[in-house]
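What follows is a short report on a single structure.
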Amino acid sequence: MKLIRENGQPHWGRFDEPPSVINWADYDVRNALGQPRSAWLKPRLFKHFDFYGATGPDFTFGCGMVRLGWVNSTFAYLHHAQWGLKRVQFDLPGDWGLKADYAPHGTSAWAHPLKPGYRVLSHRTAGERALSFEFGPEFSGHIRLENQDLPVLSMNTPIANTGFAYAQKTTGCAVSGTVQLNGRPLELDPARHGCYHDWTAGFLRRETFWNWACATGRTSDQAPLVAVNVARGVNETSAHENVIWVDGQRFDLPLVMFDYDRDNVSRPWRVYSACGAVDMAFVPEGSIDDHRNLWLIASRFNQCFGRFEGKVRVPGTGLIVDVTGLTGWCEDHYAKW
């Protein structure tokens, strides 16, 4: 199944199997008044990002490739309790250096056209998500997420009356691989560490805002492998992405709210639902940010990483999951793109 049908409209909702391709060029793009968008503008309105994360008691890793239409941005970081924070980011015009087939099971790649040895490769199959990256001789690695029997979240929702957002979230599974920084290897342990993969594509709002939180890993050696994924601001029309994985089983969660200090995101957060099923505290231990206003595009991006406390009661099951001790992310993101 291709995401966009012959009439130029998408398939909607959650999918048991992801679409074969996000054939965005076939989408009937209109403005809010129903008038067709010009052919030259259409490629610039299409957005796509491919983000990998891994986390443990003493580290957080992230790497992403982002297509903004006007520019593309590739970044990676590693925060380690003993090594500190390493971060790299490259912004290039248009699709310069970026190649993607826009297939949920497919390949995305980036290579800096002027810097040999700076490249990222993301390969996705039904059974795994694999990331290889190299940012010069000092920062490189390979990460593998094993999701062979995991119920991946695959969904597509309307964005106002002008667009769509396809989201594919993979977490709550085993992660393995190595991240190397300045000759020091960080080995990822599938028995202890958590992971996350977000593959999103669509015609999002010109001005987009979201909050997102993910708590993932094990609270102890005998505890189940857990991952909580909740958000507000994008996929809330017709379907939402709030779910929890417990030892490979996926359960739905209610809509949530985020309570935090937008002027000081390093202060504690609270992520909770009105019904009380979700009640998590998040204490940041570090963050990366990107704040800029370039008129045509703008960003206020804060991705915090740290520790969670609290409990999640899975509605309709009687299952209560203690997330105290899990690590992960909370995000505050505004983008004009």
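The values are calculated or read from the model by the stated rules, or taken from the named source; none is laboratory data. Given the structure is predicted, the values throughout are model-derived calculations rather than measurements. All Cβ positions, glycine included, derive from the backbone under ideal geometry; neighbour counts span all protein chains shown. Each accessible area value is taken on the protein alone, full model and side chains, heavy atoms only, with ligands, DNA and RNA left out. Shrake-Rupley method; radii C 1.70, N 1.55, O 1.52, S 1.80 Å.
For the chain, a Gaussian network of Cα nodes joined below 10 Å ranks 293, 156, 72 by mean-square fluctuation, and the top entry is 293.
With all protein chains in place and a 1.4 Å probe, the accessible surface of the stretch 212-337 carries 47 percent carbon and sulfur.
Is the shape of the stretch 95-168 best called rounded, prolate or oblate, per the rule: a/c under 1.5 gives rounded, else a/b larger than b/c gives prolate, else oblate, with a ≥ b ≥ c the square roots of the Cα gyration tensor eigenvalues? Don't jump to the answer; show the numbers that get you there.
Numbers: a/c = 3.04, a/b = 1.41, b/c = 2.15.
Note, shape of the stretch 95-168 comes out oblate.
With a probe of 1.4 Å, find how much accessible area the stretch 185-271 has per residue, and write the answer as a whole number in Å².
Numbers: 3760 Å² over 87 residues.
Heavy-atom SASA per residue in the stretch 185-271 reads 43 Å².
Heavy-atom accessible area for residue 189, with the other protein chains in place and a 1.4 Å probe, reaches approximately 50 Å². Zone of residue 126 (label point 7 Å along Cα→Cβ, backbone N under 14 Å): which residues in the stretch 1-44? Zone members listed by number: 1, 16-20. Each label point was placed 7 Å from the Cα along the Cα-to-Cβ direction; for residue 42 and residue 222 their separation is 6.0 nm.
Using a simple spin-label model with pseudo-atoms 7 Å out from Cα toward Cβ, residue 16 and residue 250 lie 1.3 nm apart. Comparing 237, 216, 171 in a Gaussian network model of the chain, where Cα atoms under 10 Å apart are tied by springs, the biggest mean-square fluctuation is seen for 237. For the stretch 272-287, putting each phi into the Karplus relation 6.51 cos²θ - 1.76 cosθ + 1.60 with θ = phi - 60° gives couplings of 8, 10, 5, 7, x, 5, 10, 8, 10, 9, 10, 10, x, 10, x, 6 Hz, in residue order, rounded to whole numbers and with x for Gly and Pro.
If you look for lysine pairs in the chain that are eight or more places apart or on different chains, how many of them have Cα atoms under 18 Å apart?
So the count of such lysine pairs works out to 7.
Shown for the stretch 1-158: the carbon plus sulfur share of the solvent-accessible area, taken with all protein chains present and a 1.4 angstrom probe, equals 54%. For the chain, modelled as a GNM whose springs connect Cα atoms under 10 angstrom apart, the maximal fluctuation among 67, 218, 87 occurs at 87.
Mind checking the stretch 8-58 for chymotrypsin sites (Phe, Trp or Tyr not before Pro) that DSSP puts in a loop (not H, G, I, E or B) and that have at most 15 other Cβ atoms within 10 Å? Display every interim value, and only then the final one.
Numbers: sites: 12, 15, 24, 27, 40, 46, 49, 51, 52; in loops: 12, 15, 27, 40, 46.
Filter output for the stretch 8-58: 12, 40.
Database remark: amide H of residue 324 closer than 5 angstrom to the amide H of 310 (H placed geometrically; neighbours at sequence offset of 5 or more, or on other chains; Pro and chain starts carry no H).
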